[in-house]
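Student: My questions will all concern the structure given below.
Laboratory data are not the source of any read-out in this text; all were calculated from the coordinates shown. What you see is a predicted model; the values in this text were computed from it and never measured. Please note: Cβ atoms are built from the backbone with ideal geometry, for glycine as well, and neighbour counts cover all protein chains shown.
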Amino acid sequence: MPSSSSNSTGSILIIGASRGLGHAMAEEFFKKGWSVVGTVRASPSRTKLHDLADGSDDRVTIERLDINEPAQLASLRQRLDGRVFDMLFVNAGTINVPTETIAEVTTEEFVRVMVTNALSPMRTVEGLQDLVSPTGLIGVMSSGQGSVSNNTTGMREVYRGSKAALNTLMRSYAARHADEARALVLMAPGWVKTDLGGPDGRLTIEESIPNLVNVLLDQRGKPGLEYLDYLGRTVPW
Ligand SMILES: NC(=O)c1ccc[n+]([C@@H]2O[C@H](COP(=O)([O-])OP(=O)(O)OC[C@H]3O[C@@H](n4cnc5c(N)ncnc54)[C@H](OP(=O)(O)O)[C@@H]3O)[C@@H](O)[C@H]2O)c1
């Protein structure tokens, strides 16, 4: 089990915090005394993040971003100009029908999953990295399914491919930033019961996210890229 790390507080920008794991991360960091800026996609409807923000005394605030819209990313960057975060965490992601093979998927669906899970998270990291303290942490939500080595069972072929692509792109980012002090983390949260994970997930959100947050807290001050699960164990690439 990851230790609960130091009690020091900080600030985090979480991309994709409307529901599921991203919302749970926002709640957990809030409970630990952190200031949280969470993003939701542009839509008039309220989300669980709005409920958290309402009772937060302005310690949880909401911004809008669809990670697939570069113009929205640029305006978010502008709105946050001058802010410095201890952590940036890109959580947003999507899935297609898990049983759909690469032989069956349409080109449009393949592109949708790849863009949302690989290109757009990296664009978000590139676009918002300057808002992170030079000794801060940049994290991205990967998946155990992104491990090439562990893929001996197949299934979720397109999703696996998108998270493996994300991992490789993040490794290239890390190589390009090898002389920097920031901690970089690809997280595998476990198979969790959410809209995306489905009802058969092995873990509840409560079993995954408090541990995952402690893993992130423990990674602070450790430069370089790690691919870790929610208990802090290294996932084979
Ligand atoms: N649950 C699992 O078992 C599991 C396992 C491994 C990895 N993961 C990863 O964990 C992350 C969160 O998954 P989850 O289980 O919490 O799924 P979820 O409940 O379906 O939530 C997905 C989140 O991503 C946001 N999102 C999707 N597309 C977006 C876009 N284009 N722009 C901005 N936000 C977008 C959603 O916003 P809206 O509310 O606007 O749709 C929502 O906040 C994903 O990256 C997923 O791949 C999950």
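Student: Restricting to the chain, what percent of DSSP beta bridges are antiparallel, rounded to 5?
Tutor: 5 percent
Student: Taking the Cα centre of segment 111-168 as origin, work out the dipole magnitude from +1 charges on Lys and Arg Cβ and -1 charges on Asp and Glu Cβ, in debye rounded to 20.
Tutor: 220 debye
Student: Next question, about the same structure. Pulled fully out, how much extra length does the chain show between Asp195 and Leu231, if you take 0.36 nm times their separation in residues and subtract their Cα-Cα distance?
Tutor: Extra length from Asp195 to Leu231 when fully extended: 10.8 nm.
Student: Let me ask another. Report relative contact order for the chain in percent, whole number only (criteria: Cα-Cα under 8 Å, sequence separation at least 6).
Tutor: Here the relative contact order equals 21 percent.
Student: Could you check the spin-label model distance between Ser8 and Arg46? Points 7 Å from the Cα along Cα→Cβ, value in nm.
Tutor: Once both label points are built, they end up 3.7 nm from each other.
Student: Something else now. Skipping prolines and chain starts, which residues have an amide H placed within reach, meaning under 5 Å, of the one on Val132, given they are 5 or more residues away or on another chain?
Tutor: Under 5 Å from the amide H of Val132: Phe85.
Student: For Arg41, what residues show an amide H to amide H distance below 5 Å, using hydrogens built from the backbone and excluding near sequence neighbours?
Tutor: Sorted by chain and number, the residues that satisfy this are Leu65.
Student: Tell me which of Thr152, Gln72, Ser172 sits at the most positive position along the dipole axis of segment 11-229, charges placed on C-beta atoms (Lys, Arg +1; Asp, Glu -1).
Tutor: It is Ser172.
Student: Considering the options Thr39, Ala103, Trp191, tell which one lies farthest towards the positive end of the dipole of segment 11-229, charges being +1 on Lys and Arg and -1 on Asp and Glu at the Cβ, about the Cα centre.
Tutor: Comparing the listed Cα positions along the dipole, Thr39 ranks first.
Student: While we're looking at this one, here's another question. In angstroms, what radius of gyration and Dmax does the chain have, counting Cα atoms only?
Tutor: Rg then Dmax for the chain, in Å: 16.7, 51.
Student: Oh, and also: Which net charge results when you count Lys and Arg as +1 and Asp and Glu as -1 among the other residues whose beta-carbon is under 13 Å from that of Gly146?
Tutor: Its environment carries a net charge of +2.
Student: Placing unit charges on C-beta atoms (Lys and Arg positive, Asp and Glu negative, everything else neutral), compute the dipole magnitude of segment 47-109 about its Cα centre in debye, rounded to 20.
Tutor: Using Cβ point charges on Lys, Arg, Asp and Glu, segment 47-109 gives about 320 debye.
Student: Using r as the Cβ-Cβ distance of Ala103 and Ala178, and R0 as 41 Å, what FRET efficiency do you calculate, to the nearest 0.05?
Tutor: Efficiency computed from Cβ-Cβ geometry: 0.60.
Student: Could you size up the charge dipole of the chain around its Cα centre, putting +1 on the beta carbon of Lys and Arg and -1 on that of Asp and Glu, and report it in debye to the nearest 20?
Tutor: 240 debye
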